[in-house]
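K.L.:
Take a look at this one; I'll ask things after.
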Amino acid sequence: MNKKSARPFVKWAGGKRRILREILELLPYHCKSYYEPFLGAGSVFIEMAKLKRFDTAIIGDKNHDLINAWKVIQSNVELLIDELHDVDHYKYDKSSYLDIRSQDTTKMSEIPLAARFIYLNKTCFNGLYRVNLRGQFNTPFGRYKNPTICDSDNLRMVSDILKCVKIIEGDFEFILKGISDGDCSYMDPPYLPLSNSANFDKYTPGGFTIEDHDRLAHVFSSIAEKSIRVIASNSSSGYSINLYRKFDIQMLKSSRNIGGGVDSRKSVREILISAGMTHEQAISSYC
Ligand SMILES: C[S@@+](CC[C@H](N)C(=O)[O-])C[C@H]1O[C@@H](n2cnc3c(N)ncnc32)[C@H](O)[C@@H]1O
């Protein structure tokens, strides 16, 4: 199986493929456990796995449907592929889309829930996951030529890299609980807004608040104090720069490609914050 070509199985707002190189440069060549508590589509995790840069990984996110899909890919990928091959049900047309979008998911079992999640992601507007106040998915239908709803080969390759990986649904603090010496983490929260209209944090009901950002900065500091290598990304808002002022901050210019209108596609500045020591630095500091 060619692990080199595994790639994210969904589009995700804030996906990190465009700044992957910069992030990978800041992460250690190898660590014991790699923690990614804001997983999304997992572009950094997938790259770290393909490059064999960790022994084991603990990955998670607060979004229930997303984590259910990761878990099903890990343990039931063939049943998921069979489910998605039901082309009479998972059809690319507006009326099928609206039917599937309006399903009551409360009593749905894991595999149909994962298939529904992937189907909606591949057929909705811009792959945008957006929920209303009741937590119901409400992104409009997307216009594509002939979207691939089931990329079986990729789902199998992603499943393959998930062997020996722990997947957790929950808040970042809970996911990071066990981090210790020799581990490392990349944290990619919903960004602080650069302006009032630029806010996108509808991945989970309730969003990600300023208090959550303060709490994350506190968790980041306490991990860094233990000399564990930790990297975070955020917008270049004054608030984020102030929150992480004690640490190394690298400014990046990049172009976002998800989230709606023309304005959201223009270049935005984001930052990468790094702290703690890589495993390699720690070893050389003992010599
Ligand atoms: C910017 S996205 C991550 C994108 C990801 N790095 C990628 O490459 O696709 C932020 C993620 O944080 C998750 N999230 C929001 N609040 C959270 C919380 N309190 N704890 C953990 N994850 C959370 C969202 O569901 C979303 O997937």
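K.L.:
Being surrounded by fewer than 20 Cβ atoms within 10 Å (Cβ to Cβ) and under 22 Å from GLY15 (Cβ atoms): is that true of ARG116 here?
P.N.:
No.
K.L.:
Related question: Evaluate the following for ILE81: is it in contact (Cβ under 8 Å) with a residue 60 or more places away in the chain and farther than 25 Å from ILE231 by Cβ?
P.N.:
For ILE81, the condition - in contact (Cβ under 8 Å) with a residue 60 or more places away in the chain and farther than 25 Å from ILE231 by Cβ - is met.
K.L.:
Continuing with the same structure: For ASP171, all conditions in the list (1) touching a Lys or Arg at 6+ places or on another chain (Cβ under 7 Å); (2) more than 18 Å from GLY40 (Cβ to Cβ) hold save one; what is the number of the exception?
P.N.:
For ASP171, the exception is condition (2).
K.L.:
Provide a single number: the residues in the stretch 3-53 that are free of Cβ contacts under 8 Å to residues at least 60 places away in the same chain, away from the ligand (no atom under 12 Å from the Cβ) and open to solvent by less than 40 Å² (accessible area, probe 1.4 Å).
P.N.:
Residues meeting the conditions: 2.
K.L.:
Right, something else. On the basis of being away from the ligand (no atom under 16 Å from the Cβ), assigned by TED's automatic domain parsing to the domain that holds LEU272 and closer than 14 Å to LYS163 by Cα, does SER75 make the cut?
P.N.:
no
K.L.:
Restricting the stretch 133-170 to residues that are in contact with a Gly (Cβ under 9 Å, 6 or more places away or on another chain) and among the charged types (D, E, K, R), which is least open to solvent (accessible area, probe 1.4 Å)?
P.N.:
GLU169
K.L.:
So, in the stretch 7-48, exactly how many residues are of a type in the set (Gly, Ala, Ser) and in contact with a strand residue (DSSP E or B) (Cβ under 7 Å, 6 or more places away or on another chain)?
P.N.:
Residues meeting the conditions: 3.
K.L.:
Spot the failing condition for LYS122; the list is (1) open to solvent by less than 30 Å² (accessible area, probe 1.4 Å); (2) closer than 16 Å to GLY40 by Cα, and only one is missed.
P.N.:
(1)
K.L.:
Check LYS122 against each of (1) in contact with a helix residue (DSSP H, G or I) (Cβ under 6 Å, 6 or more places away or on another chain); (2) in a helix (DSSP H, G or I); (3) under 19 Å from ASN146 (Cβ atoms) and name the one condition it does not meet.
P.N.:
The failed condition is (1).
A quick yes/no check of all residues on (1) more than 9 Å from the ligand (Cβ to nearest atom); (2) farther than 20 Å from ASN68 by Cα; (3) modelled with pLDDT under 95:
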| site | (1), (2), (3) |
| --- | --- |
| ASN146 | yes, yes, yes |
| LEU162 | yes, no, no |
| LYS177 | yes, yes, no |
| ALA198 | yes, yes, yes |
| ASP214 | yes, yes, no |
| VAL219 | yes, yes, no |
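The values are calculated or read from the model by the stated rules, or taken from the named source; none is laboratory data. Since this is a predicted model, take the numbers as computed values, not measurements. Cβ sites come from the backbone with ideal geometry, for glycine too, and all protein chains shown count toward neighbours. Areas reflect the complete protein model, heavy atoms only, side chains present, ligands, DNA and RNA absent. Shrake-Rupley method; radii C 1.70, N 1.55, O 1.52, S 1.80 Å.
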